[in-house]
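Just so it is clear, none of the values below were taken in a lab; they were calculated from the coordinates. The structure displayed is predicted, hence computed values, not measured ones. Don't worry about glycine lacking a Cβ; one is built from the backbone with ideal geometry, like all the others, and counts go over all protein chains shown.
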Amino acid sequence: MPIIINLDAVLEKRGMKSYALAEAINITTANLSILKTGKAKAVRFSTLEAICEVLDCQPGDILEYVNA
């Protein structure tokens with residue numbers, strides 16, 4: 001998969017647990033897990049914006065394109 005999700009690394013850097021992020025952005029932990037594992041087919045901009053706001057980061061800190 002050419003898009004890498006670095007959400008675990010950003011969460012660890014911020015000292016935040018997945019369940020706390022899920023609660024803060026109002027999604028289920030199951031949906032957050034799908035996003036974190038790269039199994040999501042799409043990400044809503046509103047969800048990405050909420051993640052960036054809570055984690056005080058940029059979208060590029062979470063998403064990385066790797067030319068395969």
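Odds and ends about this structure:
- Selected from 45, 59, 33, residue furthest toward positive end of dipole (the stretch 3-65; charges at beta carbon): 33
- Amide H partners (placed H, <5 Å) of residue 63, local residues excluded: 6
- Computed over the stretch 3-65, relative contact order equals 53 percent, with contacts defined as Cα pairs under 8 Å that lie 6+ residues apart.
- Only Lys, Arg (+1) and Asp, Glu (-1) charged, at Cβ; the stretch 3-65 dipole about Cα centre in debye: 260 debye
- P(r) tail fraction, the chain - alpha-carbon pairs more than 14 Å apart, %: 55 percent
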